[in-house]
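Nothing in this text is a laboratory measurement; each read-out follows from the coordinates by a stated rule. The structure displayed is predicted, hence computed values, not measured ones. Heads up, the Cβs are rebuilt from the backbone with ideal geometry, glycines too, and the neighbour counts pull from every protein chain shown.
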Amino acid sequence: MALLRTVGRIGMDAILPPRCGGCGIITDTTHAVCADCWAGLRFISAPHCACCGYPFELDDSANIPGGEAVDGQALCGNCLQKKPVFDRARAALVYDDHSRDYLLRFKHADRTDLTPLLARWLFQCGHGIWDQADVIVPVPLHRRRLLNRRYNQSGLLAASLSRMTGVPWDGLILGRKRNTRSLGGLGPSSRKREVGGAFSIDEDRAGRCGLDGARVVLIDDVLTTGATANACARVLKQSGAMHVSVITVARVVR
Ligand SMILES: [Zn+2]
Ligand SMILES: [Zn+2]
């Protein structure tokens, strides 16, 4: 049977050669993007805000000493003004037309085959976070939305990252008790109102997986205003989480 499966897979590879995760042209590596698509993606790198990960090189107004890597403690204006509830956020990509395209296909077009590619980007941008993490938690979908979409894209990424890092993941600790409206087009305060109280913790499960004192890595697709990440971090911390890092595929930069 195993042999049959192997033969089957070799056969499939011959019929279906690896394709670019972006445009779909044939490439020589699986789970990769072609050079053109790669060039279109804007990966976020240091220097960035030590807390929320806001990239400084894109922000002309940020008064950061010239060119030095600020893996120290430089904070962006927003974090200086009001520290988020989460401790740290990192994103692989700037949210723009290109990254939005990947995320839309991943979320709505049944392109779950993009999981390894996106997970690898998340893994790289979470450098320094994985070796201290106790549990990976995906931002949940409300069950009605889960029924429509059939899978939680953040759950797929969490499972994949768990395999890559050896850090356990749990898709049931954090639940969404209220189906929030789509946050697209809402401003910061409306977003905050919309997601406030939308999340809850399964205390039995949290107890079993040792959430008390744990360092949690929260996985989501996009960081916009941070309202969702903050709402999740709040309930996780109320239930004992010591530290919450947020890792997203992309983040809005404005
Ligand atoms: Zn391509
Ligand atoms: Zn910041």
**Q.** Using θ = phi - 60° and Karplus 6.51 cos²θ - 1.76 cosθ + 1.60, couplings along the range 215-223 (whole Hz; Gly, Pro as x)
**A.** 9, 9, 10, 9, 10, 9, 7, 10, 9
Q.
Projecting each Cα onto the charge dipole of the chain (Lys/Arg +1, Asp/Glu -1 at the beta carbon, about the Cα centre), which of MET242, ALA109, LEU147 comes out farthest on the positive side?
A. LEU147
Q | Proximal lysines to LYS107, defined as alpha-carbon separation beneath 24 angstrom and excluding residues fewer than eight positions away on the same chain | A | LYS177, LYS192
Q.
Is the C-alpha gyration tensor of the chain telling us rounded, prolate or oblate? Criteria: a/c under 1.5 is rounded; beyond that, a/b larger than b/c is prolate, otherwise oblate.
A. oblate
Q.
Check which residues have an amide H placed less than 5 Å from LEU93's amide H, if you skip close sequence neighbours.
A. ILE44, ALA250, ARG251
**Q.** Given charges at beta-carbon only (K, R positive; D, E negative), |dipole| of the range 74-205 in Debye
**A.** 640
Q) How large is the dipole of the chain about the Cα centre if only Lys and Arg carry +1 and Asp and Glu carry -1, each at its Cβ, rounded to the nearest 20 debye? A) 1180
**Q.** Average Cα contact separation per residue, the chain, under 8 Å, 6 or more apart, as relative contact order %
**A.** 20
(Q) Given points 7 Å out from each Cα along the Cα-Cβ axis, report the SER200 to ALA35 separation in nanometres with one decimal. (A) 5.5
Q | Calculated FRET efficiency for the pair HIS127/ARG105, C-beta based, R₀ 25 Å, to 0.05 | A | 0.45
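Just from its helices, what would the mean residue ellipticity at 222 nm be for the chain, if runs of 4 or more DSSP H residues each count -39500 (n - 2.57) and the sum is divided by every residue, rounded to the nearest 500 deg cm²/dmol? Let's see the in-between values first.
Values: 10 runs with 95 residues, N = 254.
It lands at -11000 deg cm²/dmol.
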